[in-house]
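All remarks here apply to the structure that follows.
The values are calculated or read from the model by the stated rules, or taken from the named source; none is laboratory data. Predicted model only: the values in this text are computed from it and were never measured. Cβ placement follows ideal geometry from the backbone for every residue including glycine, while neighbour counts extend to all protein chains displayed.
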Amino acid sequence: MEHLEKKVDELSTTNDIELKCKILQEINHLVLTEYMIKLKDVCVYPIEIEVYYYDETSFVDGYVHKNELQKNRFGKLYFHRKSKNKEGRFLLYRGGVDICLSNSDSFYLSILIRGIRINNYLTICSKPNDVARYLLGDFSDIQTRISELEELICLVRSVNDPRQNNLIINTQRYGLTPNKYPDFYNYNLRTLTEFGARFPYNAYKDKEKIVISYFKQRNKAVKEEEVIELLGYSSQNVLTQTQYYE
């Protein structure tokens, strides 16, 4: 865990927002290539995540819940609540689950898990609420189950992680209101892997927008076959919004 914690500590070394965003992307990359969630005999590999970070002095991201469970609980889960305290009611039908990465009471930092693979990559959950409900399991007393899970340090290093060789893409976080906090809306703080035509079972939201974002960040002319490789089809929308050549 030392590598990831050191990267988290880097956030406090700068007040430059662009540099902080770069560090947050690096944190996302580490989670998608070197870490997993371990719950007894179940290994959960995140494949799509979004990072949410709030520092009152240098990174005032209004999209962050600012729940107390997003502070100073490194490696523990946070199930979304209706309020900002841990006693709040869990949002059973529309709430998700985060991994808290804050190691201080001075800032909020957690990663929303949008998509996962389970155990030997046999099962996929591709919606935040589905991920949360899978981790909770079939329990009649949901609040007790949440309390039990949130006490565990469940983020651990993975071994021989097959995700390491996959393409990693950063793009904008999904489902946020653009004009609410426009600066933070535009930052590429959503990161995903297992993206492309060879992973047709992954139902990522805004697939063409993801591809456009990837090519623009790459800042290199795009071939049509590259678009087909990622989407499984050619897209005039993607080609017209990127530097395209035959």
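Of note:
- Residue in the range 62-98 that is nearest to Ile47 (Cα to Cα), counting only those that are in a strand (DSSP E or B) and basic (Lys, Arg): Lys76
- For the condition outside any helix (DSSP H, G or I) and assigned by TED's automatic domain parsing to the domain that holds Cys43, Leu135 does not qualify.
- Failed condition for Arg133, given (1) out of contact with any helix residue (DSSP H, G or I) (no Cβ under 7 Å at 6 or more places or on another chain); (2) within 24 Å of Leu231 (Cα to Cα); (3) crowded, with 18+ Cβ neighbours inside 10 Å: (2)
- The number of residues in the range 209-246 that are touching a residue at least 12 places away in the same chain (Cβ under 8 Å) and crowded, with 16+ Cβ neighbours inside 10 Å comes to 17.
- Residue in the range 116-130 that is part of a loop (DSSP other than H, G, I, E, B), in contact with an Asp or Glu (Cβ under 7 Å, 6 or more places away or on another chain) and under 15 Å from Val42 (Cβ atoms) present: no
- Residue match in the range 43-58 (condition: in a helix (DSSP H, G or I) and surrounded by 15 or more Cβ atoms within 10 Å (Cβ to Cβ)): no
- Residue list for the range 138-178, filter: in a helix (DSSP H, G or I) and surrounded by 15 or more Cβ atoms within 10 Å (Cβ to Cβ): Ile142, Arg145, Ile146, Leu149, Glu150, Arg163
- A count restricted to the range 15-58 and to residues that are within 20 Å of Asn170 (Cβ to Cβ) and either free of Cβ contacts under 8 Å to residues at least 40 places away in the same chain or not assigned by TED's automatic domain parsing to the domain that holds Ile168 (or both) stands at 8.
- Residue in the range 179-199 that is assigned by TED's automatic domain parsing to the domain that holds Val44, exposed (fewer than 14 other Cβ atoms within 10 Å of the Cβ), at pLDDT 85 or above and charged (D, E, K, R) present: yes
- Taken together, the residues in the range 190-219 that are among the charged types (D, E, K, R) and more than 16 Å from Asn237 (Cβ to Cβ) amount to 4.
- Test: residue in the range 73-93 that is under 17 Å from Phe184 (Cα atoms), of a type in the set (A, V, I, L, M, F, W, C), buried (at least 21 other Cβ atoms within 10 Å of the Cβ) and at pLDDT 95 or above: no
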